[in-house]
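Asks: Structure in structure tokens, see below.
Read-outs throughout are calculated quantities, based only on the coordinates presented, and are distinct from any laboratory measurement. Since we're looking at a predicted model, the values are computed, not measured. So basically every Cβ, Gly included, is an ideal-geometry build from the backbone, and we count neighbours across all protein chains shown.
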Amino acid sequence: MAQKKLSIVSFSGDFDRVIAVFTLATGAAATGYEVNLFFTFWGLNAIKLKQGRTALGKGFLARFFNLLLGGFRKLPLSRLNFFGASPKLMTHMMKKNKVATLAELVEAAKQLKVNFYACEMAMVILGIGKSDLIPEVKEVLGVSKFLENSEGGQVLFI
Amino acid sequence: MSVTKLDITAEHCPMTFVKTKLALEKLASGDRLEVLISPGEPLENVPKAAKEQGYLVLAIEPVDGAIHHRVVIEKP
């Protein structure tokens, strides 16, 4: 039997949605699935090497956008963000209730050898290069390669 | 043959699966993992997932007055 496969397009850079991405990714990888994560647009914020706010890219607009967007530590909650206080409170609640935090889920995904891919087109727009992303990113690719990688499995858009 | 112990009774989804899988990956052929599992979803699905990935589930037995279960998994 061919290995089961789950491919997720991680489009949103929202803290809660990124949690959903990594919960599904780690759960699937731990139960024997091949997992492909395809980060695009705001989703790229979760896999930037610099986790704070950095003016990445060339040109004023790209640098301005990247500075405002920030990285992994700056992901906003999709609702009730309260200027960034809520993700911290949420992480506190997750720890208190012994639920894995986002950072723990990402670490688990790396250990479980989940495949990280980044969208070439979104990276061009935002002026981000492969060296601006975490080293676990296997490849920078586009739609056709994503379709090829995800063929025969389940696909989710988050 | 070595036996590794793992307690996932305080864990929630998906870490129940994640911790078990990462522990199973460290086993050599013939090694065993003894996992302490809470009833309900983890007990139903953690042994099933191990079996699906080709591991041998040798025993599922209640412990602590049947609150938790000890599941013995071997890497073939």
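Asks: Can you flag which of B:K5/B:K75; A:K5/A:K96; A:K5/B:K48; A:K95/B:K51; A:K130/B:K19 are past 25 Å Cα-Cα?
Replies: Among B:K5/B:K75; A:K5/A:K96; A:K5/B:K48; A:K95/B:K51; A:K130/B:K19, the Cα-Cα distance tops 25 Å for A:K5/A:K96; A:K95/B:K51; A:K130/B:K19.
Asks: Which whole-angstrom value gives the distance between the alpha carbon centres of region A:107-158 and region A:27-55?
Replies: Using only Cα atoms to place each centre, the spacing works out to 7 Å.
Asks: When only C-alpha pairs under 8 Å and at least 6 residues apart count, what is the relative contact order of chain A, in percent?
Replies: 34 percent
Asks: Dipole of the protein assembly as shown (Lys/Arg Cβ +1, Asp/Glu Cβ -1, origin at the Cα centre): which of A:F38, A:G57, A:F15 lies farthest to the positive side?
Replies: Going by the charge dipole, the pick is A:G57.
Asks: Just check the protein assembly as shown against the gyration tensor rule for me: Cα atoms, a ≥ b ≥ c as the square roots of the eigenvalues, rounded for a/c under 1.5, and otherwise prolate or oblate depending on whether a/b exceeds b/c.
Replies: Prolate.
Asks: Now, a different point. Which whole-Hz ³J(HN,Hα) couplings does region A:13-18 yield from phi under the Karplus relation 6.51 cos²θ - 1.76 cosθ + 1.60, θ = phi - 60°, glycine and proline marked x?
Replies: Once rounded to whole Hz, the list reads x, 6, 3, 5, 6, 5.
Asks: Here's something else I'd like to know. Starting from the Cα gyration tensor of chain B, multiply each eigenvalue by 5, take the square root, and state the resulting semi-axes largest first in whole Å.
Replies: Largest first, chain B gives 18, 13, 11 Å.
Asks: Hey, with R₀ at 30 Å, roughly what FRET efficiency would A:R53 and A:K98 work out to, going by the Cβ-Cβ distance, to 0.05?
Replies: After rounding to 0.05, the efficiency reads 0.45.
Asks: So, one more: What distance in nm separates the simple spin-label points at A:E107 and A:K138, each placed 7 Å from Cα in the Cβ direction?
Replies: Modelled inter-label distance: 2.4 nm.
Asks: Please report how far the C-alpha centroid of region B:5-46 lies from that of region A:6-24, rounded to the nearest whole angstrom.
Replies: Computed from Cα coordinates, the inter-centre distance equals 24 Å.
Asks: Related question: Residues of region A:124-144 with backbone nitrogen within less than 20 Å of a virtual label 7 Å along the Cα-to-Cβ line of A:I158, please, listed as ranges.
Replies: From region A:124-144, the list is A:134-139, A:141.
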